[in-house]
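Working notes, structure below.
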Amino acid sequence: MNIIRYQRYPQSDFLTAFDRLTNMHEELDRVFESTFASGFRALGTLSRWTPAVDVYQDKDQFTVVAEVPGMKKEEIDISLHGDTLTISGERKAQEKQGEQGFRSERFFGKFQRSLTLPSAVNIEKVKASYKDGVLEVVLPKAEEAKPKQIEVSLS
Amino acid sequence: MDIIPKQQNEPDRRANERPRQVQYLTPLVDVESTEEGYVIRAEMPGVEKEGLEIMVDNGELTIVGHRRHLKHPGELAYREIRQHDFRRVYELDPTIDTSKITARIDQGLLTLTLPKAERVKPRKISVE
């Protein structure tokens, strides 16, 4: 199992290998962090651009929030495979108008983020919205996965 | 001549009286330079039009984006997104006509167009 820490800045190829080493300590720390207690796993990905995600949960549903600014709705794909939610897409680079100069920090190209959900969800009722560059996916829990309350009558 | 990003940790000159307590995130920015001027594109997810503050003062461009804090149902179970507002300061090329700067924001991507003043644009002069 692999956990890749979210990186705010895209890395150059040269730095990637080096950072992997220096990040190892942090990654190990993360493995033992309490995120596991909640049952979520942010899966590793091979893409260099990994949008940041938040996950909310209540007794009825999960809400996954991802930051993917500057995209079109059609460029974002959401898929559910078993208990793994995958958000992916491709951000097209802006056409350069001038040849004079360009200083770039933003990342373009394909991205993918996968999350393992701790319980089954109702695929039919998954809803997503995209506003202000923030994607929100609401995944209602499957009936059988909801906590049940059992009434015990005292006699 | 260029548009130069200023160091973020540089203390705000106007806030000498009291230490700045607000923490900001530095947005990822592309700066494109053309004959006509410059185009700045800044990623500010969660910021809508009303949350933007763009100021030009003394040759400095300051971009601040306040996030719209959405209430999501349930409890936070896993966090990566930082909730701070965005801020970035640029030192402007003096050839920019600051009265003609335009801005728009679409899906969390702020696009600023900074045209150069007419007098500094390259011009071809035809010989009669």
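Throughout, read-outs are computed from the coordinates displayed, never taken from laboratory work. This one's a predicted model, so the numbers in the text were calculated from it and none came from an experiment. Cβ coordinates were reconstructed from backbone atoms using ideal geometry, including for glycine residues, and neighbour counts include every protein chain displayed.
Which of the pairs A:LYS92/B:LYS71; A:LYS72/B:LYS116; A:LYS131/B:LYS49; A:LYS110/A:LYS141 have their Cα atoms more than 19 Å apart in this structure?
Working: A:LYS92/B:LYS71 30 Å; A:LYS72/B:LYS116 30 Å; A:LYS131/B:LYS49 12 Å; A:LYS110/A:LYS141 29 Å.
Beyond 19 Å: A:LYS92/B:LYS71; A:LYS72/B:LYS116; A:LYS110/A:LYS141.
Over segment B:32-123, what is the mean sequence separation of C-alpha contacts under 8 Å (at least six apart), divided by residue count, expressed as relative contact order in percent?
37 percent.
Under 16 Å Cα to Cα from A:LYS146, which lysines show up? Leave out anything in the same chain fewer than 8 places away.
List returned: A:LYS59, A:LYS125.
Once label points are set 7 Å from the Cα along Cα→Cβ at both A:SER104 and B:LYS121, what is their separation, rounded to one decimal in nm?
Simple spin-label model gives 2.7 nm for this pair.
Over chain B, with a Gaussian network built from C-alpha contacts below 10 Å, which listed residue (B:LEU92, B:LEU28, B:LEU109) shows the highest mean-square fluctuation?
B:LEU28
When the chain is fully extended, how far beyond the present Cα-Cα distance does B:ARG104 get from B:ASP57, taking 0.36 nm per residue of separation? Before the final figure, lay out each step's value.
Details: separation 47, 0.36 × 47 = 16.92 nm, distance 1.96 nm.
Extra length from B:ARG104 to B:ASP57 when fully extended: 15.0 nm.
Kindly write out, for segment B:76-90 in residue order, the coupling ³J(HN,Hα) from the Karplus curve 6.51 cos²θ - 1.76 cosθ + 1.60 (θ = phi - 60°), rounded to whole Hz, with x marking Gly and Pro.
5, 10, 7, 10, 10, 6, 8, 8, 5, 6, 9, 8, 7, 10, 10
Between A:THR116 and A:ALA128, with labels modelled 7 Å along Cα→Cβ, what's the label distance in nm to one decimal, could you check?
In this crude label model, A:THR116 to A:ALA128 measures out at 2.2 nm.
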